[in-house]
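Heads up: the structure comes next, in structure tokens.
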Amino acid sequence: MILDEHTNPKIDSPQLYAWTTTPPRRRLELIGELAFLIVFIIIGIFIALEDHDYAIFYGIAFSSWGALLVYFLHHVINQPKTYDFNITSHGINATVNENIPNGIYTTTRILARAGIVICIVALFTVGPMAFIGGAAFSLLAPRYSKLHKTPRQFSFPLHQYIDFRLYRQEWRISTHPIIP
């Protein structure tokens with residue numbers, strides 16, 4: 001049973017063993033990101049080769065949008081987490097750290113503040129009808145303007161007799177009490 005920091009505070013006792021692990025990236029994720037980028041670049045080239053005034057601009061914009069999407073996939077969605085484990089005599093303390101760059105958080109905070117300003121301007125220019133299309137962004141923007149990287153901490157209290165299992169495929173720990 002996993003208990004969070006609100007129901008079970010961190011177990012304070014002498015540390016017996018500690019380790020940190022970051023699972024490696026899967027090759028399939030890297031190949032998928034590369035294929036995604038190549039598809040966006042090829043489609044951007046085909047758009048740029050069309051015969052109208054702004055074709056080159058549209059092709060470069062589409063390829064740039066694809067590159068930003070692949071950057072987001074690589075650094076946010078497919079980024080492995082770092083797990084810190086400490087075994088004590090009374091239980092296990094686990095900390096999960098996100099490996100997302102701080103620039104992503106800064107960009108999110110800036111875009112959220114810009115979204116708040118845009119929603120306020122839209123409210124005064126269009127009226128309440130402005131919130132029909134952008135209601136979710138206008139309601140979530142204040143929450144994302146305070147976004148920071150925070151590690152999640154969990155505690156696993158151990159009983160006197162315990163069966164300890166580490167599932168490496170799922171990066172999950174399971175503890176089962178054994179009745180003597």
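Assorted remarks:
- Of the listed residues 125, 82, the order by accessible area with a 1.4 Å probe, largest first, is 125, 82.
- Where chymotrypsin sites (Phe, Trp or Tyr not before Pro) fall in DSSP loop in region 76-123, at most 10 other Cβ within 10 Å: none
The values are calculated or read from the model by the stated rules, or taken from the named source; none is laboratory data. These figures come from a predicted structure and were not determined experimentally. For neighbour counting, all protein chains shown are included, and Cβ atoms are generated from backbone atoms with ideal geometry for every residue, glycine included. Keep in mind that these areas ignore ligands, DNA and RNA; they rest on the heavy atoms of the full protein, side chains included. Shrake-Rupley method; radii C 1.70, N 1.55, O 1.52, S 1.80 Å.
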